[in-house]
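Trainee: Okay, here's the structure, questions in a sec.
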Amino acid sequence: MANLFVRDLREIAQGLPENPSEWPHIPCPTCKRAGLTLVPDSLVHEEAATSEAAYSHQEWYPDWIYGGFHCILQCHKKTCDRVRVVGRTSVYLERNEEGYQTLFSPLFFMPELPLVESFGDCPRLVRQRIEAASTVLWADPSSAANRLRSAVEALMDHHGIPRRGFSNAKSYDLSLHRRIERFKTVKPEYAQAADLMLAVKWTGNAGSHGSAIRVSDVLDAVEILDRTLHYIYDTSAEEIRRKAADIIARKGMPASQFTNLPMPPF
């Protein structure tokens, strides 16, 4: 099943339109069910002083304008936390003849937006590192990618894959790549998950080495890691198979009636 949070975040990454009624679905980090809406009169945006100073430049165009914004979002559920948003503004020329429009590009959500709907029996440290990636996703995608990579390291720790190897009575550090390969050998039933983890590792490596990681690249890694956790920790498929087998055995008869049937004579 597709990760719907990632779908929403990809739309947000394109920037929020000037008209808040046109904003995409922004998932609530508290209930993870409803969408957030703008608290009335909470949206504040202003042009930067350095942007205004550029007006006198002989080659100035409106798309040079930039600034910042902040606002508050709320869920329709009163028990959910409000979300503070801070970001940048820019100006672009709308192609449908509406002229120049302001675009809001978020840098921080507090609390952070969710990346994964359900972690199942996933270890706490793995979950914490994935959630930590969300806190910096918009402002520093490279750091977010590296935090997802560290979640894979924690996953290897949880499964007892050592961080160090031994050769000729000497120990040496095992790279994450080698650890994933060892995991695949030791637990072949998770071979598909191991192959997916390599992709997350490579994205994290690129972020560490200064490559131009984008939000979309991180969201790709999130989808892959989400599927990895599904392969390893999601037991819902087995539960559904058990229920189906039980219904077949009862030939569809409700369980409550089945248990109340008289016992046949010996």
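Trainee: Confirm whether residue 137 is among the aliphatic types (A, V, I, L, M) and within 26 Å of residue 43 (Cα to Cα).
Mentor: Answer is yes for this residue.
This table checks each residue for (1) assigned to a helix (DSSP H, G or I); (2) surrounded by 13 or more Cβ atoms within 10 Å (Cβ to Cβ); (3) in contact (Cβ under 8 Å) with a residue 24 or more places away in the chain; (4) among the polar types (S, T, N, Q).
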| site | (1), (2), (3), (4) |
| --- | --- |
| 171 | no, no, no, yes |
| 177 | yes, yes, yes, no |
| 180 | yes, yes, yes, no |
| 185 | yes, no, no, yes |
| 190 | yes, yes, yes, no |
| 194 | yes, yes, no, no |
| 198 | yes, yes, no, no |
| 201 | yes, yes, yes, no |
| 206 | yes, yes, yes, no |
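Trainee: Let me confirm something: among 124, 95, 84, which residue is surrounded by fewer than 12 Cβ atoms within 10 Å (Cβ to Cβ) and closer than 30 Å to residue 154 by Cβ?
Mentor: Just one listed residue meets the conditions, 124.
Trainee: Right, something else. What tally of residues in region 12-38 results from selecting those that are farther than 16 Å from residue 116 by Cα and loosely packed, with under 14 Cβ neighbours inside 10 Å?
Mentor: 4
Trainee: Return yes or no: is residue 221 assigned to a helix (DSSP H, G or I), at pLDDT 85 or above and among the small types (Gly, Ala, Ser)?
Mentor: yes
Trainee: Then there's this: If you go through region 122-164 one residue at a time, how many are more than 21 Å from residue 84 (Cβ to Cβ), small (Gly, Ala, Ser) and not in a helix (DSSP H, G or I)?
Mentor: Residues in region 122-164 being more than 21 Å from residue 84 (Cβ to Cβ), small (Gly, Ala, Ser) and not in a helix (DSSP H, G or I): 1 in total.
Trainee: Would you confirm whether any residue within region 114-121 is surrounded by 15 or more Cβ atoms within 10 Å (Cβ to Cβ) and either in a strand (DSSP E or B) or at pLDDT 95 or above (or both)?
Mentor: yes
Trainee: Which residue pairs have Cβ atoms under 9 Å apart, sit 6 or more places apart or on different chains, and have a first residue in region 34-48 that is in contact (Cβ under 8 Å) with a residue 60 or more places away in the chain and a second that is among the hydroxyl-bearing types (Ser, Thr, Tyr) and part of a strand (DSSP E or B)?
Mentor: none
Rundown of residues vs (1) surrounded by fewer than 10 Cβ atoms within 10 Å (Cβ to Cβ); (2) modelled with pLDDT of 80 or more; (3) on the phi > 0 side of the Ramachandran plot; (4) not assigned by TED's automatic domain parsing to the domain that holds residue 183, yes/no style:
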{"position": "226", "(1), (2), (3), (4)": "no, yes, no, no"}
{"position": "229", "(1), (2), (3), (4)": "no, yes, no, no"}
{"position": "232", "(1), (2), (3), (4)": "no, yes, no, no"}
{"position": "236", "(1), (2), (3), (4)": "no, no, no, no"}
{"position": "239", "(1), (2), (3), (4)": "no, no, no, no"}
{"position": "244", "(1), (2), (3), (4)": "no, yes, no, no"}
{"position": "258", "(1), (2), (3), (4)": "no, no, no, yes"}
{"position": "262", "(1), (2), (3), (4)": "yes, no, no, yes"}
{"position": "266", "(1), (2), (3), (4)": "yes, no, no, yes"}
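Trainee: On the given criteria, is residue 73 out of contact with any Phe, Trp or Tyr (no Cβ under 6 Å at 6 or more places or on another chain) and in contact (Cβ under 8 Å) with a residue 24 or more places away in the chain?
Mentor: Yes; evaluated as a whole, the condition is true for this residue.
Trainee: Next question. May I ask you to list pairs of residues, at least six apart or on different chains, whose Cβ atoms are under 6 Å apart, with the first in region 213-229 being closer than 17 Å to residue 127 by Cα and the second being among the β-branched types (Val, Ile, Thr)?
Mentor: 219/6; 221/200; 221/203; 222/6; 223/6; 224/200; 225/200; 226/116
The values are calculated or read from the model by the stated rules, or taken from the named source; none is laboratory data. Quantities reported herein were computed from a predicted structural model and do not represent experimental measurements. As a convention, Cβ positions derive from the backbone with ideal geometry for all residues, glycine included, and neighbour counts pool all protein chains shown.
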